[in-house]
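The values are calculated or read from the model by the stated rules, or taken from the named source; none is laboratory data. On a predicted model such as this, the values are computed, not experimentally measured, just so you know. So basically every Cβ, Gly included, is an ideal-geometry build from the backbone, and we count neighbours across all protein chains shown. Ligands, DNA and RNA are stripped out before the accessible areas are found, and what is left, the full protein with its side chains, is counted by its heavy atoms. Shrake-Rupley method; radii C 1.70, N 1.55, O 1.52, S 1.80 Å.
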Amino acid sequence: MPNENPLDNAACGLLEVAADGQIAAANSAFAQIVDRDQSALLGMRIQELLTRGSALFYETQFSPSLLLRGGLEEISFELLRSSGERVPVFVNAVLRRPDADREPRVFLAVFAARQRHRYEAELLRSRKEAEQLAEVVRRSSDAIVRLSADARIESWNTGAQQIFGYATSEAVGNPFSLLFAGDAFQELGTFSELKRGKDVNLETVGKTKQEQPVDVSVSLTPHLEAPGTLVGFSAIIRDMTKQKVAERNLLQAEKLASVGRLASSIAHEINNPLEAVTNLLYILNSRITDEDTKQLVQTAEEELARVSQIANYTLRFHKQSTDQIEVDLSMVVKGVLGVYRGRLQNSGIQIVDESSDCGPLLCYENDLRQVLLNLISNAFDAMRSGGKITIRCRELDRSGVKSFRIVVADTGTGMDQPTLERLFEPFFSTKGIGGTGLGLWISRDLILRNGGSIKVRSSQRANHSGTTFVLSFPRIDPTPFRSLTDN
Ligand code: ADP
Ligand code: MG
């Protein structure tokens, strides 16, 4: 009875076939694959259930005499369903002799190929996913490190190699603490979270092969197998240097903003009493008849004018100018030098002013004044024992591109390389409490705002020491409309 066939429970189609192909037994799974009645299969020849090509192949390859040499595995066939539809299958075949007095029979196991294809595709996909994930790990700029249970490095990625500078072969086998400056990771056992299966996250200082410190964040994960059995750790280490620098810059910008606010309010507070004193001196002057006293009051007036100029020019550095105008550079230079008249006298410093050699420059006047003030002030500071400051202006025309070049050169002490590398940083100063370190930082900002650029050359060679700042501004020709509306 076919229904009692013990093969019916098998997940694949099973067939017992005589030497000529006559089906002696078939399970229900096979009947399902070919979409036929299980009992109707008995007595049919298997060739009738195959496409012509497959039938031919069956006749030549599945004869008992050939199968005697060994079974066949995963031969692909096409079966015919009752509707004529073709079903791709894989077939395994073996030859068996159930009992001595009977002819040997061919036993076939039939797998629907579609299902197998799906399994294969799924397998392929998960393998691809795993490979992609491995690639992400391998290429990550974060260091990803696998550690043994006793916290030795077992493997790591290129990110780790880049951060710490060791070749993989140098790192593997070493204790994790090799990568850190302090003793944060000497003893992983001190982290009770790890024992409880929890991650540990902390920020600390790493140490490269070249013994350089690196700010890093570390995330450690324990790998537990059976509850409580530690098999190892994984660590993800991120280089925080850039982020730390950005944080520091932000902090400095904030400091600067408050310094700016403070300075402008001081300038404001100073201006009012200053104006009052100026007026009082004026009245006083008009009432004095004695020439000597008149002279004294006049000197007081001049000094006072300088104070108000300083208050206006140097303290209000963060104030935004309103509009770009055409500026006569030599007038600005004269104004700035006026501020330093007091310092110039008896300083042994010679001023060479060649600023009247070029036409008007379209820019924010206050910005330009501020920049020149800062540059000239620095030049003074660099020439405690006298020297020469040259201020020069030229109009350039390089293949139709017109620009202004302003040069401020001194014969002062000059700068060493570390100073040159940092001089535009906010709060960088070599002058101790005498300097704010803001002058050049602000100057560069103002120059950029006006579309210009600033370059510096400096030398500390004996008898040839000095510093030259070169500012370049694009020359924008004033529009003809400007002169019309000016009238
Ligand atoms: P500060 O003048 O308050 O120190 P700056 O931003 O104006 O700040 O200048 C930064 C630093 O650059 C100075 O402390 C000095 O070391 C250097 N420096 C700038 N200009 C000159 C110069 N003309 N000669 C020598 N050193 C200079
Ligand atoms: Mg300065």
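Summary table below
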item: Accessible area expressed per residue, the chain, with surrounding protein chains retained (probe 1.4 Å, Å²); result: 59 Å²
item: Calculated FRET efficiency for the pair GLU74/ALA18, C-beta based, R₀ 25 Å, to 0.05; result: 0.60
item: Sequence-separation-based contact order of the chain, relative, with Cα cut under 8 Å and 6+ spacing, percent; result: 7 percent
item: The chain - mean residue ellipticity at 222 nm from DSSP helices (-39,500 (n - 2.57) per run, n ≥ 4, rounded to 500); result: -12500 deg cm²/dmol
item: Cα lying deepest toward the dipole's positive end in segment 227-277, options MET240, LEU262, ALA276, charges on Cβ; result: MET240
item: R0 of 60 Å, Cβ-Cβ distance GLU354-GLU135: FRET efficiency to nearest 0.05; result: 0.45
item: Protein accessible area in the chain, 1.4 Å probe - carbon and sulfur %; result: 52 percent
item: Normalised contact order of segment 6-118, rounded percent, pairs of Cα under 8 Å and 6 or more residues apart; result: 27 percent
item: Cα centre as origin, Lys/Arg/Asp/Glu Cβ charges: the chain dipole, Debye; result: 880 debye
item: Separation in nanometres of the label points that stand 7 Å from Cα toward Cβ, at LYS242 and GLU269; result: 4.3 nm
item: Cα-based Kirkwood hydrodynamic radius, segment 105-245, one decimal, Å; result: 17.3 Å
item: Amide hydrogen neighbours beyond the local backbone of LYS207, cut-off 5 Å, H modeled; result: PHE180, ALA181, VAL214
item: Under the span-like rule (Cα at least 18 Å along the axis, Kyte-Doolittle mean at least -0.5), DSSP H helices of the chain; result: 241-287, 365-381
item: Segment 229-377, relative contact order in percent, only Cα pairs under 8 angstrom and at least six apart counted; result: 25 percent
item: Around VAL106: net Lys/Arg minus Asp/Glu count, Cβ-Cβ under 9 Å; result: +1
item: Convex hull per residue volume in Å³, alpha carbons only, for the chain; result: 384 Å³
item: Proximal charge balance of SER54 [Cβ under 15 Å; K/R count +1, D/E count -1]; result: -1
item: Total formal charge among the other residues, if their Cβ is under 14 angstrom from that of SER356, Lys/Arg +1 and Asp/Glu -1; result: -2
item: Charge dipole (segment 20-153, unit charges on Cβ, about Cα centre) - positive-most of GLY43, ILE153, PHE77; result: ILE153
